Amino acid sequence: MDRAAFNHRLTTTPETPGVYIMKDARERVLYVGKASNLRNRVSYYFGSPYSLPHKVRTMASRIADYEFIITHSSAEALILENTLIKKHKPPFNARLKDDKTYPYLKIDLAEDFPQIYITRRVHNDGARYFGPFATAGSVRKTMDLLKRLFPYRSCTKTITGNDPRPCLEYYINRCNAPCIGAVNREEYGEVIQQVITFMEGKTEMVVDDLKTRMEQASDKLEFERAALLRDQMRSVHRVSEEQRIKVDTTATYDADVVAMGGAEDETRMEVFFIRHGRLMGRDHFIMEGTQDSEPSHVMAQFIKQFYQSASTVPRRILIQHPLEEQDQIEQWLREERGKAVTLLCPQRGKYLHLVQMAAENAKQGLSQSRAKWLSNADATHQALMELQEELHLPVPPHRMECYDISNIQGSNSVGSMVTFEEGAPKTAHYRRFRIKNVEGVDDYSSMQEVLRRRFKRLSELKGKAGPHPTDEPHRTPDESWGIVPDLVLIDGGKGHLSAALEVFLEMGIDFIPLASLAKENEWIFLPHTPEPVVLPRNSQALYMVQRIRDEAHRFAITYHRNLRSKRSTMSPIDHVTGIGPKRKRMLMRRFGTLKGIKEAPVEEIAAVPGMTRSLANRLKESL
């Protein structure tokens, strides 16, 4: 948006709570946010771009218009923000991966003989809802467990009590047959209440109730009924012991534990449900659009979106990272629950242990899902075939190399090269590059330097002209630099692709397919093709190139952080050529501190074992 046009718009933007919606030139929603002061918040996006985080700067460059909705309070703005994020799924918002609503268990107590349903809608109709569950599979597993433990009906027939015979479930003790009048409405209601109590995590109460009823049946000499109640009581107790872990032997608190494990484009959120001091269950959810987002922001977005539709809000929610606007979110949760709610980011003790356990589960769960996908030969084969077709490759890309650049304001610039063979990481062929010839922030030139260095090695091993992959064997096991990739993938958009293509043309490389993957819309750009290749969101090929891109980014970031950490702990002595760890140690033993060395005369420094006068002069000049 033009600066002058923005200034005019800003004067008419109210200083009230509300929700703002950023749009691009095609009227597509880029971002939805909330604010307690709309004017102040909107102006943030049109300030100096150098003060904005990378993700916000990228989004701000695409803003062509904005609109806002005024609300009476920040709490109303928070609810409206969640609703609009679910509706529009903006690319720059962190959002639950949710093509549809999550499933719940529903028990309609208004029915004479209530059933247990799977539903995706929660209504204020007096029914009891439990959830949300991450998948239909997890809610069906819960229903199977409940059916084994409690003899409620699973049929949909109208109950009259006059049916001539019951179904098979009655004879295997899976239903108490209200259809034939074996139980009345009150007795059937007791079973449903046991289900509700069990789902609330109060298994001890269920066991005590069954024990009382068993003893009453025995006193009435109803031994067959007492035996059934005994078996049911034992089953409930066994399930309670097997599937519920006592995480606190002294407390009986209720809490949810929320932690995360992330990749660039997706983050796995792990939720532990603790009831009465026991870990009653766990579930995981995927957040999309989390690239370049702070953990506190992702955590806040998940808390808002998850608990807006959750059937219950516990007294405590233990979180891995402090939240943005934590006080407002806490107040909103109190209104949702109708009672006090505390958001706690523990720093020590038993609560911290629970958060760490959930975080480790999130991290391992993400690794396992990736490993599972990569080990799926059918999915990998399908992805390679899709890539060959969509990118017009001469052969399926059995070997792919992906490149990325990492720096912070031009310092410690590094490049990464990761290699995937047959859809799996080939870590032995990973390479990292320290940028030597580029000053400042220049990703294009840095990418060109990396590619020149890599493909210079290939030319040296294969000859200047470079063979076509089909002219000679495709693998050179002892010389990984000489292996010709089937596809070179660049992390970036059209600009990065053009920079890479310039290197290929310069070096006469016309036999290696080249492509780039842009993060914003996950579009793939090809040389000499103006329109991007847009893969379906559920495409195996898209999933594969995203994994390769994320791995290249992770490898580059790790190297960059290591260099930055090493540089932050370096002494000025380390920059003097000729002075290594041993001489540095001798100098520090002799003079104690850097200041002592700086103030010492050259003669004294030269007298230190291992030092010379020329080295002493060089050190003094450096200091």
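The values are calculated or read from the model by the stated rules, or taken from the named source; none is laboratory data. Computed from a predicted model, the values in this text were never measured in an experiment. Every residue, glycine among them, receives a Cβ derived from its backbone with ideal geometry; neighbour counts consider all protein chains shown.
Quick one: which strands (runs of 3 or more DSSP E) sit completely within the stretch 267-365 and have at least 2 residues that are crowded, with 16+ Cβ neighbours inside 10 Å, under 19 Å from the mean Cα position of the chain (by Cα) and at pLDDT below 85?
Per the criteria, 278-288.
What number of residues within the stretch 555-572 satisfy the criterion of being at pLDDT 75 or above and surrounded by 15 or more Cβ atoms within 10 Å (Cβ to Cβ)?
Result for the stretch 555-572: 3.
Which one of these does residue 226 not meet: (1) surrounded by 15 or more Cβ atoms within 10 Å (Cβ to Cβ); (2) among the small types (Gly, Ala, Ser); (3) assigned by TED's automatic domain parsing to the domain that holds residue 108?
For residue 226, the exception is condition (3).
Out of all the residues in the stretch 108-150, which are more than 26 Å from the chain's Cα centre (by Cα) and either assigned by TED's automatic domain parsing to the domain that holds residue 305 or of a type in the set (Phe, Trp, Tyr) (or both)?
Listed by number, the residues that qualify are 113, 117, 129, 150.
For residue 317, indicate whether it is in contact (Cβ under 8 Å) with a residue 12 or more places away in the chain, in contact with a Ser or Thr (Cβ under 9 Å, 6 or more places away or on another chain) and of a type in the set (A, V, I, L, M, F, W, C).
The answer is yes for residue 317.
Inspect the stretch 532-543 for any residue being in contact (Cβ under 8 Å) with a residue 24 or more places away in the chain, farther than 21 Å from residue 422 by Cβ and not polar (S, T, N, Q) and give the result as yes or no. If you could, list the steps in order and put the result at the bottom.
Restricting attention to the stretch 532-543, the residues satisfying the condition of being in contact (Cβ under 8 Å) with a residue 24 or more places away in the chain are 533, 535, 539-541, 543.
From what is left, the residues that are farther than 21 Å from residue 422 by Cβ are 533.
Okay, now just the ones that are also not polar (S, T, N, Q), so 533.
Within the stretch 532-543 (the criterion being in contact (Cβ under 8 Å) with a residue 24 or more places away in the chain, farther than 21 Å from residue 422 by Cβ and not polar (S, T, N, Q)), the answer is yes, since at least one residue qualifies.
Residues to consider are 30, 52; find the one that is at pLDDT 90 or above and either in the same structural domain as residue 72 (by TED's automatic domain parsing) or basic (Lys, Arg) (or both).
The unique qualifying residue is 30.
Given the residues 83, 156, which is the only one that is of a type outside the set (Asp, Glu), within 29 Å of residue 332 (Cβ to Cβ) and loosely packed, with under 15 Cβ neighbours inside 10 Å?
After ruling out the rest, the residue left standing is 83.
So, of the residues in the stretch 140-194 that are in a helix (DSSP H, G or I) and among the basic types (Lys, Arg), which turns out to be farthest from residue 117 (Cα to Cα)?
This residue is 185.
Would you be able to say whether some residue in the stretch 67-81 is of a type in the set (A, V, I, L, M), in a loop (DSSP other than H, G, I, E, B) and outside the structural domain of residue 522 (by TED's automatic domain parsing)?
No, because not a single residue in the stretch 67-81 is of a type in the set (A, V, I, L, M), in a loop (DSSP other than H, G, I, E, B) and outside the structural domain of residue 522 (by TED's automatic domain parsing).
Keeping to the stretch 433-452, report how many residues are under 26 Å from residue 396 (Cα atoms) and touching a strand residue (DSSP E or B) at 6+ places or on another chain (Cβ under 8 Å).
3
Could you please find all residues in the stretch 108-145 being modelled with pLDDT of 80 or more and surrounded by 17 or more Cβ atoms within 10 Å (Cβ to Cβ)?
113, 114, 116, 127, 128, 129, 130
Of the conditions (1) among the aromatic types (Phe, Trp, Tyr); (2) crowded, with 19+ Cβ neighbours inside 10 Å; (3) over 30 Å from residue 23 (Cβ atoms), residue 92 fails just one. Which one is it?
Condition not satisfied by residue 92: (3).
Could you count how many residues in the stretch 227-258 are over 16 Å from residue 151 (Cα atoms), hydrophobic (A, V, I, L, M, F, W, C) and modelled with pLDDT of 80 or more?
So the count comes out to 3.
From 62, 57, 39, grab the single residue that is in contact with a strand residue (DSSP E or B) (Cβ under 9 Å, 6 or more places away or on another chain) and outside the structural domain of residue 334 (by TED's automatic domain parsing).
62
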